[in-house]
Amino acid sequence: MFLMPSLSMTTRALRRSALVLACWGAVGWAHASLPIQHWTQPSGARVFLVESHAIPMVDVQIDIDAGSRRDPAAQAGLASVMSGQMANGTRADPQGQGPYPQALDENQIGEAWADLGASFGGSAGGDRMSFGLRSLSYPDLLDKAVALAARQMAHPAFPEAMWLRDRERTSASIRESLTKPGTVVQQRFAQAVYGAHPYGFRATPETLSRIGVQDLKNLHAQALRACRATVSVVGALTRAQADALVQRLLAQWPRESGCPSLPPVPEVAPLAAPQNLNLPFDSAQAHVLIGQPGYKRTDPDFFALLVGNHILGGGGFVSRLTEQVREKRGLSYSVYSGFAPGLHAGAFTVGLQTRPDQATQAVAVAQEVVQDFVRQGPTEAELQAAKSNLVGGFALRIDSNRKLLDNVANIAWNRLPLDYLSNWTRQIERVSAADIQRAMARVLQPERMVTVVVGAAP
């Protein structure tokens, strides 16, 4: 029997189609100018806006200093858990105001977002806790999406039954992941590189077992302060409309005179000596990570280190590591290097997989390539090829609203110049071979790096 689709189903389909078309239309950003507007609201929230009126879509990201670097060691994973559990229900609005005054459970929240053809979610990284909203900019839809996101952030229910369910699921997933060599090598590498710094914390079944609903409520009450919010907006809004939208999103967050300082987080300690960890594991491939603490995102040599790493191991098949480890010796299908700068010195990492009986040789070659690059720097030919590749690929960094929002949020969070994107290619072009050699020699100490090998032949 043929069934006519319901009005709700038809409306959802149309909204999803419009959202897909909006995403495709965002490609035009790759060749547009990128003026970023910035202001601070009376609440202290810092707002960054890029107007894009070509497509009817709005993307918003709210960042606060409540990432995993602030987790207690005994409750590693707390920030990530709290931000995720906010989707499991909202409390009722005692004032009975707005389009969603009633209490909503997990399923009702999902249905509400589906009806709007919009999305909202929370997450936590090492430095920040983030909330992201995406919606079509039609006023009737956007107003409801903002209202629902505001309630979900300000009044989560944290139902205990949902947390106990999710805690068991997450713990089981963690236990299962530890049967894989890739997870083991990542955990041991982080522990060795970061030591006691929170960047090295990882959630375990034990740390999750120490997190109760009251801990989630306490962190929520402490973390969400409008004066600490950094809000990035990209889409079809004027400055006045964006300002009003942000005010509505944060209207139910706690307000107070001044903005109490958060306790400082210590810096990542440099390595005093090399460490070599060879861990037995029954696997077809040996997993290798080599590295050390790197640099902060605010490092003045950021561009020199970016170009230098592209030449060393970040440029894929044209990098030195690929040439020496894969092409010349056939020791690994892929090998890479990368920095992970943050508010503190994120790790520099060289990674590869190889046959267990070739692990010793692969490690030796990779270490030699890093040592030689730090000592001598790149050739002029390598430098020009890297610049051409990076500048030529710049458009792909901002070819959608989502990517552009990521870049604006990066500028906002790290307090970079507002013309950072406009000057990005010029900064790349200014880098010299001498700049790279000097910066790499300052940041990297090959003789003191951590080397972790999981699954090498005895």
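Of note:
- Relative contact order (percent, whole number), the chain, Cα cutoff 8 Å, 6+ residue spacing: 22
- In plain terms, the chain from Thr298 to Lys328 could stretch by 7.1 nm, reckoned as 0.36 nm per residue minus the Cα-Cα distance.
- Here the simple spin-label model places points 7 Å from the Cα toward Cβ, and for Asn107 and Leu416 these points are separated by 4.5 nm.
- Packing, as the average of other Cβ atoms within 10 Å across residues, places the peptides 424-436, 113-125, 231-243 in the order 231-243, 113-125, 424-436, highest first.
- Antiparallel bridges, percent of DSSP beta bridges restricted to the chain (to nearest 5): 80
- Over the stretch 55-160, the ratio between the Cα radius of gyration and 2.2 N^0.38 Å evaluates to 1.12.
- Spin-label pair Ala340/Arg175, simplified geometry with 7 Å Cα→Cβ offset, distance in nm: 2.6
- With R₀ fixed at 35 Å, the C-beta to C-beta distance from Asn278 to Gln252 puts the FRET efficiency at about 0.05.
- Total charge dipole magnitude, the stretch 275-454, about the Cα centre, Cβ charges on Lys, Arg, Asp, Glu only, Debye to nearest 20: 300
- For the chain, the longest principal axis of the alpha carbon atoms and the long axis of helix 213-223 meet at an angle near 90°.
- R0 of 25 Å, Cβ-Cβ distance Val213-Ala244: FRET efficiency to nearest 0.05: 0.15
- Radius of gyration and Dmax over the Cα atoms of the stretch 275-454, both given in Å: 17.0, 51
- In plain terms, the bigger the Kirkwood radius, the slower the diffusion; for the chain, with that radius from Cα pairs, at 10 °C and 1.306 mPa s, Stokes-Einstein puts D at 65 µm²/s.
- 13 Å reach of a label modelled at Glu368, 7 Å along Cα-to-Cβ, counting backbone N of the stretch 326-349: 326, 328-331
- Taking label points 7 Å from Cα along the Cα-to-Cβ direction, Val391 and Arg91 give a separation of 5.7 nm.
- The slack in the chain from Asp166 to Gln37, taken as 0.36 nm per residue of separation less the alpha-carbon distance, amounts to 42.4 nm.
- Computed about the Cα centre, the dipole magnitude for the chain is approximately 140 debye when only Lys and Arg (+1) and Asp and Glu (-1) carry charge, each at its Cβ.
- Sorted on the mean count of surrounding Cβ atoms within 10 Å across their residues, most packed first, peptides 316-325, 278-287, 249-258 read 316-325, 278-287, 249-258.
We did not get these values from a lab; they are worked out from the coordinates using the rules stated. What you see is a predicted model; the values in this text were computed from it and never measured. Note: ideal-geometry Cβ built from the backbone for every residue, glycine included; neighbour counts use all protein chains shown.
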